[in-house]
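What follows is a set of notes on a single structure, which appears directly below.
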Amino acid sequence: MRNNVLLRTVVFTMILAACATSTTPTEAIVANQLTITSDAFASGQSIPAKYSCIGRNISPPLAWSAPPVGTQSFTLIMDDPDAPIGTWVHWVLYNIPLAKRDLQEDLPITGKNMDPNAIYVGKNSSGNIGYEGPCPPSGTHRYIFKLYALDATINLLPGASKEQILKEMDGHILAQGELVGTFSK
């Protein structure tokens, strides 16, 4: 009888161990990632001048992979972490509809009303609503496009700040991804 209990314990322990290792940490991380790309530049490469303050200052085209089940909307934030006065916010988009998998070049400003299909545009660090292209005062800066898949929509009117949006996103991020471009004048 004692051997039978011991055998059951060993088998049960082996089953638990097998279940615990069936999903590696790498697989779990990959499952929560979005891939974000641009036809205008590759990750880690220079952003073309037309998307900057010395060019047309228009937003670049972006595309991303399918989100996890349960996603209700996307949020996109473009930052410059190398700005001399701290991270500079260049672009904030939220309540991007679930059906969207890309943003066109020179995306028009939308979300000025309560249209449920509109992409809401937030304030950048200059206090303006819309895209503000790379414009480093000196040197080469990194520009990080962060895309978040959320299990909700953000309950803020258009024109919200990055901080307000991040607060609303807390506890609702299902997956995220980033694309990094560089720029120097």
Query raised in the report: When only residues in the stretch 23-58 that are at pLDDT below 95 and either surrounded by 13 or more Cβ atoms within 10 Å (Cβ to Cβ) or in contact with a strand residue (DSSP E or B) (Cβ under 7 Å, 6 or more places away or on another chain) (or both) count, which is farthest from LYS185 (Cα to Cα)?
Result: ASN32
Report summary line: ALA66 passes all but one of the listed conditions (1) of a type in the set (Gly, Ala, Ser); (2) buried (at least 19 other Cβ atoms within 10 Å of the Cβ); (3) farther than 21 Å from GLN164 by Cα; the exception is number (2)
**Report entry** strands (runs of 3 or more DSSP E) within the stretch 78-185 that include 1 or more residues on the phi > 0 side of the Ramachandran plot, charged (D, E, K, R) and within 16 Å of the chain's Cα centre (by Cα)
**Finding:** none
Report task. Could you give me the residue pairs with C-beta distances under 7 Å whose first residue belongs to the stretch 157-175 and is farther than 14 Å from PHE74 by Cα and in contact (Cβ under 8 Å) with a residue 60 or more places away in the chain, whose second residue is surrounded by fewer than 16 Cβ atoms within 10 Å (Cβ to Cβ) and not aromatic (Phe, Trp, Tyr) wherever it lies, and which are 6+ apart or on separate chains? Result -> none
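Okay, residues lined up against (1) within 23 Å of PHE183 (Cα to Cα); (2) assigned by TED's automatic domain parsing to the domain that holds GLY177; (3) touching a residue at least 40 places away in the same chain (Cβ under 8 Å):
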| position | (1), (2), (3) |
| --- | --- |
| GLY70 | no, yes, yes |
| LEU76 | yes, yes, yes |
| GLY86 | yes, yes, no |
| VAL89 | yes, yes, yes |
| ARG142 | yes, yes, yes |
| PHE145 | yes, yes, yes |
| TYR148 | no, yes, yes |
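The values are calculated or read from the model by the stated rules, or taken from the named source; none is laboratory data. Given the structure is predicted, the values throughout are model-derived calculations rather than measurements. Every residue, glycine among them, receives a Cβ derived from its backbone with ideal geometry; neighbour counts consider all protein chains shown.
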